[in-house]
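See structure below.
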Amino acid sequence: MILLQAESSSVQFGHTVLAYKIRRTARSKTVSVAVVPKQGLVVTAPKRATRERLDAIVRQKGPWIVRRLKRQSDLPPPLSQREFVSGETYLYLGRQYRLKTNEVGGEPFVRLRGRHLEVDLARSSSPRRRTSEARRAVTDWYKEKAALYLPHRAESWARKLGLKLSQVLVSEPQKRWGSASKDGSLRINWRVVQAPATLVDYVLVHEVAHLLHEDHGREFWATVGRVMPDYEARKARLRELGPRLVW
């Protein structure tokens, strides 16, 4: 694809300004609209497409674009690299712990001791195997903690909205903090228990509200705000903290 030039434009859609980048290519014969990670709204268009035509197309696709942009803002960031060696920092319910690996006998074992997250590993393991075992042990520890912590918190928020959950499952999606099903069940990303309890609660309220409203329209956010008036601040903080939680 031959890129001819880069432009930008914006249109007003309701109370939202949809700013977008224009990519004109020699090969494009039609206009396409996409929400691209880290880039935002991008419109790919033929060389001769007028700015007025592109604005009209973006305005026409406004409902879809707004949904996609809001959905993207709720996603966790890309996975970051961890080495699982002593000295790395990990979070649990907002509190920071230093990882400490101990070479001992027996199966890998994880525990909190003071301000450390300690991992017992076999002495005979190679460096690569120790890293793999430490990753698996730490991940399993977080999943166990999430399975104990998340269900009762979610049920508490559901009661405040007059709902009853069928089940709360701990999952491991790479592209969302959680999801809700029509059968009244929630799937919550175990990684969120690294965040402070206030942010965990935001994720849970967000997903519980989806049992009443599938999209992120005004009624959805009104429902969230009814039980959590400061949800916007929590949402912003989760977006800021997110890169530390995804590994």
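In order along segment 126-137, the Karplus-derived 3J(HN,Hα) couplings, from 6.51 cos²θ - 1.76 cosθ + 1.60 at θ = phi - 60°, round to 6, x, 5, 5, 4, 4, 5, 5, 5, 4, 5, 5 Hz, and Gly and Pro are given as x. Per-residue Karplus couplings for segment 94-100, computed as 6.51 cos²θ - 1.76 cosθ + 1.60 with θ equal to phi - 60°, are listed in order as x, 9, 8, 10, 8, 6, 9 Hz, Gly and Pro entered as x.
Scanning residues 5 or more positions from residue 122 or on other chains, those with amide H under 5 Å from its amide H are 104, with H placed 1.01 Å from N in the peptide plane.
Close amide H contacts of residue 13 (hydrogens built in the peptide plane, cut-off under 5 Å, sequence separation of 5 or more or a different chain): 18. Where only DSSP H runs of four or more residues are counted, the chain gives -12500 deg cm²/dmol as its mean residue ellipticity at 222 nm, each run worth -39500 (n - 2.57).
Pairs of lysine residues in segment 3-73 that meet both criteria, 8 or more places apart or on different chains and Cα atoms under 22 Å apart, total 11.
Net length available on complete extension from residue 98 to residue 71 is 6.4 nm, with 0.36 nm assigned per residue and the Cα-Cα distance removed.
The numbers here are math on the coordinates, done by the rules we state, and not lab data. Because the structure is predicted, anything quoted here is derived from the model rather than measured.
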